[in-house]
């Protein structure tokens, strides 16, 4: 029949949704970082090195006080996605208000604890210059006001993510994240003192929370009613959030343990040679984070509805996209890493950090793939498994670090980290496949094996070129040729017809605008 568009196939709709929301989430991660590159030097000039250091400490303190969330925001996304998937909007109101009331109460507790700990933090634990102590005390007390705002904003954001409205999420969070850099940067032209900067940051967080609340009400007007705490929902969310919270407590220990071992067994200079490549190469996980954040509400919804194979398909497609995107960048960094380190930090870092950089790059690829399985398990209501795996890994990682750092230095730390994330990835993927056996045939059907072979072949080529001590210009030529060849192989051997159609459609939109869809 003319004039009636053919309905999208499930695979096509899923691919379009995954691509669109992943791009939105990636933008939400990258754009604020680019703004920070410009704004941070002005913040340092405006607040001074000591003042900016105090501001950085307040960010770290706030990050740890975010643990007062106790997994509530993740639980909000999980349970809201379930009821929205079943179109039970009335039940959504009960979950919404339970999450918001509990988040506010937990935030108040966190604010009181932070306010009470302020004299200890500013006066004793932190080595703050005496002339900055009064400003620091005032700043920390102002920061305490933001704890309820941050926790409420996290739950409100969870509602929008559960609704797959990542456009709205990033419409709010990109400017909000930018303000966390821009406001300190304004201290230079406007001569703002530290407490004034912190107060403006808290006001920015209040505006963010208000806008998120308004968006939730506009998306679901029924949420304005039944503003009360539901005990049954609270029990379910507490049970789920407890395991998520345990993961959130253990994860920072796993993240920073390597540097603690290096600092205690070798030197602080070695920490610098290790941290610089670590901070750079682990940024590649932003691609996996963007994809897995998109998939989490889908997994949550499909775990209740059954999904008819769609859950397994999304797992396979997400894994393939992570392999192709992060795998390509890891291969390029492995090949050109020495040149990049030389340009960025100097020849001394190449001498000390080159091997660390390459070992960590391989670990980042494995760790990125594991984020898909991690979000699947949390999405289908098994947050206990990642938490138990992290508990298991903690002593194993500590022993690996002690043995390898003692013998191999910072290269040993990189090897221990890569082995730990590999163990984590194997456990997460095995648990996912055990819960959903149809994942394996879905991986084959979506050509994930071909993607893995392509990435491994590219990585083997990079290792061979690197071992041959080829100069940087020749490495660059090999990288460009390999990238073009890899794209061609992926197009014809890895990407299926649906994905090629989506790619062509996107290219036509970018080139010709909406008129190309006629």
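At-a-glance table
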| read-out | value |
| --- | --- |
| Qualifying residues in the range 475-494 (those that are closer than 20 Å to residue 355 by Cα and more than 28 Å from the chain's Cα centre (by Cα)) - the one surrounded by the most Cβ atoms within 10 Å (Cβ to Cβ) | 475 |
| Residue match in the range 112-125 (condition: at pLDDT 90 or above, over 18 Å from the mean Cα position of the chain (by Cα) and either surrounded by 22 or more Cβ atoms within 10 Å (Cβ to Cβ) or under 27 Å from residue 244 (Cβ atoms) (or both)) | yes |
| Residues of the range 205-239 that turn out to be surrounded by fewer than 19 Cβ atoms within 10 Å (Cβ to Cβ) and under 30 Å from residue 50 (Cβ atoms), as a count | 2 |
| Index of the failed condition, residue 89 passing every other in (1) surrounded by 15 or more Cβ atoms within 10 Å (Cβ to Cβ); (2) under 24 Å from residue 212 (Cβ atoms) | (1) |
| Whichever residue in the range 64-90 is under 22 Å from the mean Cα position of the chain (by Cα) and not in a helix (DSSP H, G or I) and, among such residues, is modelled with the highest pLDDT | 71 |
| Residues satisfying the stated conditions in the range 167-189, i.e. under 14 Å from residue 51 (Cβ atoms) and part of a helix (DSSP H, G or I) | 183, 184, 185, 187, 188 |
| Candidates 399, 421 - the one that is part of a helix (DSSP H, G or I) and surrounded by fewer than 22 Cβ atoms within 10 Å (Cβ to Cβ) | 399 |
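The values are calculated or read from the model by the stated rules, or taken from the named source; none is laboratory data. Because the structure is a prediction, the values reported are computed rather than measured. In this analysis, Cβ positions are derived from the backbone assuming ideal geometry, glycine residues included, and neighbour counts consider all displayed protein chains.
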